[in-house]
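*Asks:* Following this message is one structure expressed as structure tokens.
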Amino acid sequence: MQRSWVRCGWARGAEPESASTSTGRVVLWKAAANPSTPGAGDNVRRTDGPHFVTSRLMARQNTGSVFEKVWADRTTISYGAYVRAYGRREKLTFGTNAQGWNRRRAEIETEKILQQVERGTWVPPRLEARQDRMELAMADLGVQVDESFGVFAKRWWRTKQLGLDDDTVNDYEWRLKYLEAFFGRYRLTEITPRLIDRFRDELHEQAEAIRAAAGRSRALTETVTDRRGRTYERRRRPLSNTSINAMITLLGQILQQALDYEQIDRNPVRVGGRSARFLKRARPNRTFLEVDEFVALLDAAGELEDEAREDFKGLGRRAMLATLGLAGLRIGELVDLKVAQVDLLRSRLKLIDSKTDAGVREVEISLQLRDELLEHVMNRRARKLPHRPTDHFFGTSSGSRRDPDRFRDRILARSVERANTNRKALGLAELPAITPHSLRRTWATFAAMIGRDPKWIASQIGHTSPSFTFSVYQQVATRRFVDEQAVWSLMRFADEPAERIPSRQMTRGVSSLDVTQAGAFDLAVEGLSRLYDDSGDLA
């Protein structure tokens, strides 16, 4: 087979029409099959003119490999790794066998670095300050130095993260990012209660400024990079007092270890009263939707799905909101759901990975939710979107995991905005401020409204204690009117009648009570009040 060589997207021997690199074409030599050869060159074009090859520049995958180097004495061996991260190849040196390093330890360290690269939290040593690298090396050798907070926190985190799951690691690294940005260059002995108070007050003032800007319809935005390296703009979310307090708590844990190592004389976080360094914690406003508000939200999501650009259809906007509100899933459980975990034949969602042991469970699907999910499946198949067993059920157009922040900003927020516009046109009140957890609480509220068993609700929602369910029951028990038939139409299962029995009844998991016994709801509330208190409103 004859071949001609193509470079920079045009045929050799022909004048290029354009040499712009803004299109991202790959600059390399590429063999193009002779078009006269039968069956050859299906994906290339004729080379007798300036025909462009439509190759796209793509980032190389993050990889790592361990290397060994034997010293001249034939006994000392250095271990390190070559890591490709952020588009560059980095050479790292870990240590020698005299310092306790071996190939297995180097491979584990390389894997930890690659995981940090995936989360976007790893900083190449060449970008770290020379003083920090020297202090870190001296500390690893056991030399007592007055090191900076950034160096000490890095060593603390290297030990702390062992055995933690991914969600906990992400939470710690998110808080460490704020702490290192403020305290990183300070020496441990320079951190005082006054400096900590300044850190706390600055974060609180920034949060108030973000809230004030949003109140004037001039919301501040920020540029975010997702796991795939794509950047987009989103509204800045203010830090709550609870989040700021969590950072100070973490700061106290790090400084406590410095105190244990006798590197500081006292822990400045714990100077004064127990809550001297902390902000007053505001009780969160646990919102949920009424049945008409929830239906309005679903309708709004359906409108956005119909109006979306052709290449953005089939993503399941309405089905995602229906799953949160009619199955009680956490946002992480929703975006992690795989196609193989959705059993529409048996009306079950099989959750195999969750933040608690109780979260590993099977969730029953109501008839309404089953119809919503079935329509979503048919829509994706009709548009030939990825729907293999290993693909994410609510994945992107490529079948990959959907980013939770983008779901909040682009699907939930826009659906709420459209629903408010529709309700305002009808003279109805707008929806309350809701989050994905608000829809989770909506499911628990609907279940309580139709008299589901509290322990069954707790097992379905993934809680170890019915105390959260009890708080919902108390909330429902004080209501003067509940449109039980409207809720029943959303929540009933295939083995239940279409018409709601007027009396409140207990179903799903109750064997000691007659399911049609009048007053069973009140008996359940009284029983729970003797066993549980209202202190476990678990998010």
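Values in this text are rule-based calculations from the coordinates and carry no lab data. All of these numbers come straight from a predicted model, not from anything done at the bench. Ideal geometry is used to build each Cβ from the backbone, glycine not excepted, and the neighbour counts take in all protein chains shown.
*Asks:* Under a point spin-label approximation (7 Å from Cα along Cα-to-Cβ), what is the Ala212-Thr63 distance to one decimal in nm?
*Replies:* Placing both labels 7 Å along Cα→Cβ, they lie 5.3 nm apart.
*Asks:* Can you classify segment 366-406 as rounded, prolate or oblate using the Cα gyration tensor, where a ≥ b ≥ c are the square roots of its eigenvalues, rounded means a/c under 1.5, and otherwise it's prolate if a/b beats b/c and oblate if not? Don't jump to the answer; show the numbers that get you there.
*Replies:* Numbers: a/c = 2.12, a/b = 1.32, b/c = 1.60.
Note, shape of segment 366-406 comes out oblate.
*Asks:* Okay, moving on. Rounded to the nearest 0.05, what FRET efficiency do Glu303 and Arg383 have when you use their Cβ-Cβ distance and R0 = 30 Å?
*Replies:* Working: r = 18 Å, r/R0 = 0.61.
Working from the Cβ atoms, E equals 0.95.
*Asks:* Another one. If the limit is 26 Å between Cα atoms, which of Lys177/Lys280; Lys313/Lys338; Lys177/Lys313 go over it? Let's see the in-between values first.
*Replies:* Working: Lys177/Lys280 23 Å; Lys313/Lys338 19 Å; Lys177/Lys313 36 Å.
In this structure, Lys177/Lys313 exceed 26 Å between Cα atoms.
*Asks:* Okay, moving on. Under a point spin-label approximation (7 Å from Cα along Cα-to-Cβ), what is the Glu417-Thr121 distance to one decimal in nm?
*Replies:* In this crude spin-label approximation the distance works out to 3.1 nm.
*Asks:* Using amide H atoms built 1.01 Å from N in the peptide plane, name the residues 5+ places from Asp453, or on other chains, whose amide H lies under 5 Å from its own.
*Replies:* Thr507
*Asks:* Another question, then. Taking amide hydrogens as modeled 1.01 Å from N in the peptide plane, which residues meet the under 5 Å criterion relative to Glu90, leaving out close sequence neighbours?
*Replies:* Val83, Arg84, Ala85
*Asks:* So if I place +1 on the C-beta of Lys and Arg and -1 on the C-beta of Asp and Glu, and nothing else carries charge, what would the dipole magnitude of segment 229-321 be about its Cα centre? I want it in debye, nearest 20.
*Replies:* Here segment 229-321 has a charge dipole of around 780 debye.
*Asks:* Sticking with this one: Output the direction-averaged projected area (hull surface divided by four) of the convex hull of the alpha-carbon atoms of segment 143-282, in nm².
*Replies:* 10.4
*Asks:* With Rg and the Kirkwood Rh both taken from Cα atoms, where does Rg over Rh land for segment 60-127?
*Replies:* Looking at segment 60-127, the ratio lands at 1.01.
*Asks:* If you rank Trp174, Trp443, Trp156 by fewest surrounding Cβ atoms within 10 Å, what's the result? Can you show the working numbers first?
*Replies:* Numbers: Trp174 14, Trp443 28, Trp156 19.
Final ranking by Cβ density, sparse to dense: Trp174, Trp156, Trp443.
*Asks:* Hey, can you rank 254-261, 272-279 by average C-beta count inside 10 Å, highest first?
*Replies:* Details: 254-261: 17.2, 272-279: 13.1.
Result, highest mean first: 254-261, 272-279.
*Asks:* Would you report the distance distribution of C-alpha pairs in segment 258-335 as whole percents per 5 angstrom bin, up to the bin with the largest distance?
*Replies:* 3, 11, 13, 12, 11, 7, 6, 6, 7, 8, 8, 6, 2
*Asks:* Another question, then. Under Stokes-Einstein, with the Kirkwood radius over Cα pairs standing in for Rh, what whole-number D in µm²/s applies to segment 261-417 at 4 °C and 1.567 mPa s?
*Replies:* Working: Rh = 17.9 Å.
Result for D is 72 µm²/s.
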